[in-house]
Amino acid sequence: MKKVVFLLLLINIASLYAPAQEIEGYYISKKEHRAVERGNKIISALETYYNDNGFYPQKLDELVPKYLPKIENTGLFNFFVIPVNFEYSPEPVKYRPGYFRISYIDPRKEKGDEDSYKRYFYDSKDDKIKIDTDITTSASITIEWIDIITEEDIRQIADAVKQYFNDYKKFPEKLYDVVPEYLTALPATLQPRYLADGKVYVDYLNVRYNFQNPLKDDETEFAQYYDIYFTYYDFIICNTDFWYSSKSKKWSVSD
């Protein structure tokens, strides 16, 4: 028995000093390199999962069978007999502050720019009204503009939404929910109109409102980051930690 243990120890030592890959200045053995490569297959599956769903799974088993046929272990053994598994730690956002945005189109064209309209937006995060440079302006607006919404109108609506949130701890589902408790009426530009052709046009289609309520104390948001790691014991008493962080997108090693 002693000979067998000694032989296994020699094999383990030899593998550690075989030509190996380098991770941030740390040389790893061939079998550790194979373990990292297995981890890379899981990482690739996690990224595909994220591309499909917009968030990472809560556990690796959720990758099976669509993204991986099975979750392999590292192929390493601690104390020569204990398989080393990959550990997975998703990182959900524990706190998400609420916010809302109101955007609107100003139909007044600037001189020399007859084919475009500007879109403005109010964002409660910084309490400012800005020009939305990420949205291309449109020349397809055909409704007959009777009134033009102003920054003062947006400010009044935003204040009403904030008061609603203070009272109910959530944002209104639609802007009309602030009437009549917080505003006597919405600005005229948000009211339905009957035009000469008998058709009904609703101007507020060009005033957009969206929001994100804050997370409750017992809620967590879907994972947007994760760590994969494993611990391998060399020479029985010395351990080496391997981990991959989706934030840095690289493997790290420490002993």
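The values are calculated or read from the model by the stated rules, or taken from the named source; none is laboratory data. Note that the structure is predicted; figures quoted are calculated from it, not measured. Using ideal geometry, Cβ is built from the backbone for each residue, glycine included, and neighbour counts are taken over all protein chains shown. Just so you know, the surface numbers come from the protein's heavy atoms only, side chains and all, with ligands and any DNA or RNA stripped out. Shrake-Rupley method; radii C 1.70, N 1.55, O 1.52, S 1.80 Å.
Can you tell me which of (1) open to solvent by less than 80 Å² (accessible area, probe 1.4 Å); (2) of a type in the set (Lys, Arg); (3) at pLDDT 65 or above is the one LYS216 doesn't meet?
Among (1) open to solvent by less than 80 Å² (accessible area, probe 1.4 Å); (2) of a type in the set (Lys, Arg); (3) at pLDDT 65 or above, the lone unmet condition for LYS216 is (1).
Given the criteria modelled with pLDDT of 95 or more, open to solvent by 80 Å² or more (accessible area, probe 1.4 Å) and over 30 Å from PRO214 (Cα atoms), does LYS66 qualify? Please lay out each step first, then the result.
On the way: modelled with pLDDT of 95 or more: no; open to solvent by 80 Å² or more (accessible area, probe 1.4 Å): yes; over 30 Å from PRO214 (Cα atoms): yes.
So LYS66 fails the test.
Report the residue count in the range 37-59 for those that are open to solvent by less than 40 Å² (accessible area, probe 1.4 Å) and modelled with pLDDT under 95.
As a first pass, look at the range 37-59 and keep what is open to solvent by less than 40 Å² (accessible area, probe 1.4 Å): 39, 42-43, 45-46, 49, 54, 56-57.
When the remaining residues are screened for being modelled with pLDDT under 95, the result is 49, 54, 56-57.
Total satisfying the criteria: 4.
If you take the residues of the range 1-36 that are touching a Gly at 6+ places or on another chain (Cβ under 9 Å) and open to solvent by less than 100 Å² (accessible area, probe 1.4 Å), which of them is modelled with the lowest pLDDT?
LYS31
Which count do you get for residues in the range 238-253 that are open to solvent by less than 40 Å² (accessible area, probe 1.4 Å) and without any contact (Cβ under 8 Å) to a residue 24 or more places away in the chain? Write out each step before concluding.
Within the range 238-253, the first condition is being open to solvent by less than 40 Å² (accessible area, probe 1.4 Å), and the residues that meet it are 240, 242, 244-246, 251-253.
Right, trim to without any contact (Cβ under 8 Å) to a residue 24 or more places away in the chain and you get 245.
Result for the range 238-253: 1.
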